[in-house]
Amino acid sequence: MKIIITGNPNYEGLCKGLYKAYNGNQLEFIGRHNGWDMQDLDAVADYIKDYDVFVNSLLIPDNGQEELLHKVYKTFKGSHIINISSTTSYWGDGYNPGNYLKNKTELDELSKKYSQYGTFGSSKIRVSNIAFGQLDSKKVNDIIHKVSQEGMDIRGMQNTPFKENDILLKRANLPFEYTKEEWQEMQKCKSDPMYFSKKFAFIRTPKGDMSVEDAGGLRDFQEQLVKNMHNNKFNILMASRQIGKTVTTAIYIVWFLLFNKEKNVLMVADNMTTTKEIMEKLRIVLDNLPFFMKPGIVKINESSIRLDNDCRLVLRTTTKKSGIGMTVNFLYIDEFAHISESNLDKFYRAILPTITEDPYAKVVITSTPNGRNKFWDIWSDAVDGENDYSPMRVDWWQVPGRDEDWKKKTIANMGSETDFNQEYGLQFFSSDQLLLSSNDLQKLETFQSNYVNTSLDLEEEDFYINDFLSFHKKYKDFTLSDFKNDPSYYVFSIDTADGMDQDYSVLNIFKIVTLPIKDLIKHKNNIKSELDCVSMVQVGKFRSNTLNINDFSITCEKIIYDIFNPEKVRIVLELNHKGDILHNRFSLNEQYWWGQMVHTKHTELSKNIKAGVRLGPTNKLKYCEKFRYYVSINKILITCYETYLELSSFGRTRGGSYRCQSGNDDLAMTCVNTSPLFDSPQFWEIGGEVYENTSEEYKNELYEKVLDVKTEKKAFDFDRLNDLNNQLNPKEFKASDKKSVFDVNHLNKINKISKNFYNS
């Protein structure tokens, strides 16, 4: 048998190895070393055609190796062609991403083609393709270095080791050679999530992404949370704000996904902002893992991750159908107490039985308190040992750097001790109280103004509008042209009545603005994204109890479409009392389009959203609670004195419904009804535009002073703090106490204990 090989047997490598193996017998080598011009492919191919076996080994520039194969195959009289390729064609080459990779990749493709001719066609020539080389950490890290540090472009590469050429993501099902040390680290991490957390987890800090170890390590209560999740099937955590619960849970979930097979993780939260925050923290951990530990990514987007070990992560906002049809092995519910009870109840009832049947499944619930609701029920039963949940509580003072001075400053920044007690103090409050706290009412009082009636140059038949339409004094000199050409967005909240000198029909007018940075700083713990800096400020109102429903609908139409720019108007219309009459009138206007109306679910059981707001006992309560929150963080700012007076007596009756304790509440309700706007597509659209139109200086300040929060680190005796942590006993709840679910004397005792601790 005559064998010919392209290459030099005098150099270490394949050719020299073959020469030694055959002792030089039966082998002939052809290359530059023995005088051949390897660029003359026709001559080389003509010489090779009479051999029995051709080993196509030598890399020839400009696709020469592929071209030689093509020319030899046409005239070859032998039986076997063996092409020598490289695994670089499968995972990319960080050293020579241009010619070498291109040559080897095209050689692979042509080999595959000719091999099929011999297998499925009439050709008697066998064509084989052998790829040498192995992917390991050194090779990958070399590529990453060249991309990140030297600017190498890998976008043209095929089959790199990265998912969609993203050096932070590992391609699925990638052959990989582990070192002994790497394999040992993998085994340690698999057996101990705490080891994984300390050794390989990363978190985001004001200085950038840092390993947990470099950032000071996990706090004691974070370590305990990891242990609890690992050792218990059911976990419930009641935690103060900004203690690191989300990032800790994200670290453990990444561990769970890495070291399991065919498991599904479902993470749900009260809103999309929270789910995005969770995914961000997950990505920080995944992106910063060393390559050998990274999971192979099959699919990844903002709401889901699928790995090549058949594990899957799905993020959802909580609805009645979240997770339906999905086998869930790990359920994480964040801000449990703040999720709509109607959605939560049906979701929880539907998904819990499937988890209960799986002995290895896990459930983790985390939240701050939010009144007496399902979270309260589960927490209380867990503390009393009446359910399977393992309870854990983390108070604000367990975070290093938080002392009484910090508490005072935080209360001052929040503007309310009541809000502090709920968000940081972990106190459950009775709902039988005014909707707005005394601190918020005191804050709003400083913004109050007696609105002034307009004197717009209207048509004679519309003069009456000036008698009922009033604005903040800053608008007193506005003309029709000023309103029409105003580039600002306005929200019109409408509540209808029958007139007849009784209840009022109201059109409340709000302007979409960006809050000053100084106000955002006061509530920066609640500012999670750029959109959170966009707020509504009340600027005007139309209020009358003499116009009948038809005249009022005509008036609203004239204000929206004739005075204002309808493209810049969004409408919140309460439908409970003849609101459909207004909707029908608006829809016939040639300047109306469906996106003007804020859409909501009209009942808790509704599957679809519809134009307008239809209040029932449940969603009215929900909107009231949302409005209270938005006022507390300056998301909604009330400036009309009449509106302020109504809100100052707007509270929950013994029957459970919110209304003014005396007098009318139409102005108050039009304020409350605006709360669904912030969950609507309309707000995402107009809020995003308002933010984008702010100055670069404002945006820079927002990122530097609000969104990038620094935390100080200080050491505490956590054993002592845990003792304090366990002092509160839910059994001491008094149903008759309208201010606090805990005994006041008991709370005072706890406060005294903690003060003595800090003083010491």
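Inspection of the range 391-406 finds a residue satisfying the criterion of being within 23 Å of D345 (Cα to Cα) and modelled with pLDDT of 85 or more. When S632, S649, S606 are checked against the criterion of being farther than 26 Å from S535 by Cα and of a type in the set (S, T, Y), a single residue qualifies: S606.
Taken as a whole, the condition of being in the same structural domain as Y658 (by TED's automatic domain parsing), under 28 Å from the mean Cα position of the chain (by Cα) and touching a residue at least 12 places away in the same chain (Cβ under 8 Å) does not apply to N608. Here the strands (runs of 3 or more DSSP E) wholly within the range 456-528 that include at least 2 residues being assigned by TED's automatic domain parsing to the domain that holds P566 are 490-495, 505-514.
Tallying residues that are under 30 Å from M414 (Cα atoms) and either without any contact (Cβ under 8 Å) to a residue 12 or more places away in the chain or not in a loop (DSSP other than H, G, I, E, B) (or both) within the range 440-455 yields 8. Quick one: would you say N301 is assigned by TED's automatic domain parsing to the domain that holds T249, within 23 Å of V140 (Cβ to Cβ) and polar (S, T, N, Q)? So N301 does not fit the description; no.
From the list M267, M238, M293, M272, the one residue that fits, being touching a residue at least 40 places away in the same chain (Cβ under 8 Å) and within 19 Å of S191 (Cβ to Cβ), is M293. Scanning the range 187-221 for residues that are over 25 Å from the mean Cα position of the chain (by Cα) and of a type in the set (S, T, N, Q) yields Q187, S191. Of all positions in the range 26-34, at least one carries a residue that is touching a Pro at 6+ places or on another chain (Cβ under 6 Å) and in contact (Cβ under 8 Å) with a residue 12 or more places away in the chain.
Considering only the range 337-353, I want to know if a residue exists there that is at pLDDT 80 or above and of a type in the set (D, E, K, R). No. Looking at the range 203-317, the strands (runs of 3 or more DSSP E) lying wholly inside it that each contain 1 or more residues that are touching a Lys or Arg at 6+ places or on another chain (Cβ under 9 Å) and closer than 27 Å to P353 by Cβ sit at 234-239, 264-269, 304-307, 312-317. Within the range 529-561, the set of residues being outside any strand (DSSP E or B) and of a type in the set (S, T, Y) comprises S529, T546, S553, T555, Y561. Scanning the range 46-62 for residues that are assigned to a loop (DSSP other than H, G, I, E, B) and closer than 15 Å to E106 by Cα returns S57, L58, L59, I60, P61, D62. Residues of the range 594-613 that are crowded, with 17+ Cβ neighbours inside 10 Å and closer than 29 Å to E557 by Cα: Q596, M597, V598, H599, T600, K601, H602, A611, G612, V613.
When S488, S493, S470 are screened for being surrounded by 18 or more Cβ atoms within 10 Å (Cβ to Cβ), in contact with a helix residue (DSSP H, G or I) (Cβ under 8 Å, 6 or more places away or on another chain) and closer than 28 Å to G687 by Cβ, only S493 passes. The listed residues are T327, T318, T366, T354, and the only one of them that is at negative phi, surrounded by fewer than 19 Cβ atoms within 10 Å (Cβ to Cβ) and in contact with a strand residue (DSSP E or B) (Cβ under 6 Å, 6 or more places away or on another chain) turns out to be T327.
Residues checked against (1) under 22 Å from E213 (Cβ atoms); (2) loosely packed, with under 14 Cβ neighbours inside 10 Å:
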{"site": "S137", "(1), (2)": "yes, no"}
{"site": "V140", "(1), (2)": "no, no"}
{"site": "I144", "(1), (2)": "yes, no"}
{"site": "N173", "(1), (2)": "no, yes"}
{"site": "E181", "(1), (2)": "yes, yes"}
{"site": "D192", "(1), (2)": "yes, no"}
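Where helices (runs of 4 or more DSSP H) fall wholly inside the range 564-648, the ranges with 2 or more residues that are at pLDDT below 90 and of a type in the set (D, E, K, R) are 617-632, 641-648.
Listed here are the helices (runs of 4 or more DSSP H) enclosed by the range 95-198 that have at least 1 residues being under 30 Å from K49 (Cα atoms) and at pLDDT 80 or above: 99-120. Of all residues assigned to the range 18-32, at least one qualifies as being hydrophobic (A, V, I, L, M, F, W, C), farther than 22 Å from S111 by Cα and assigned to a helix (DSSP H, G or I). Residues in the range 367-384: is at least one closer than 21 Å to A269 by Cα, assigned by TED's automatic domain parsing to the domain that holds N232 and part of a strand (DSSP E or B)? Yes, that holds for at least one residue.
For the range 252-269, the condition holds for at least one residue, the condition being that it is surrounded by fewer than 17 Cβ atoms within 10 Å (Cβ to Cβ) and out of contact with any strand residue (DSSP E or B) (no Cβ under 8 Å at 6 or more places or on another chain).
Taken together, the residues in the range 525-555 that are of a type in the set (K, R) and crowded, with 19+ Cβ neighbours inside 10 Å amount to 2.
Apart from one condition, F54 fits all of (1) at pLDDT 90 or above; (2) farther than 18 Å from G118 by Cα; (3) in contact with a strand residue (DSSP E or B) (Cβ under 8 Å, 6 or more places away or on another chain); the exception is (2).
Comparison of D52, D46 shows that the only residue that is farther than 16 Å from N129 by Cβ, touching a residue at least 40 places away in the same chain (Cβ under 8 Å), assigned by TED's automatic domain parsing to the domain that holds L107 and not β-branched (V, I, T) is D52.
The values are calculated or read from the model by the stated rules, or taken from the named source; none is laboratory data. Nothing here was measured: the structure is a model prediction, and the numbers come from that model. In this analysis, Cβ positions are derived from the backbone assuming ideal geometry, glycine residues included, and neighbour counts consider all displayed protein chains.
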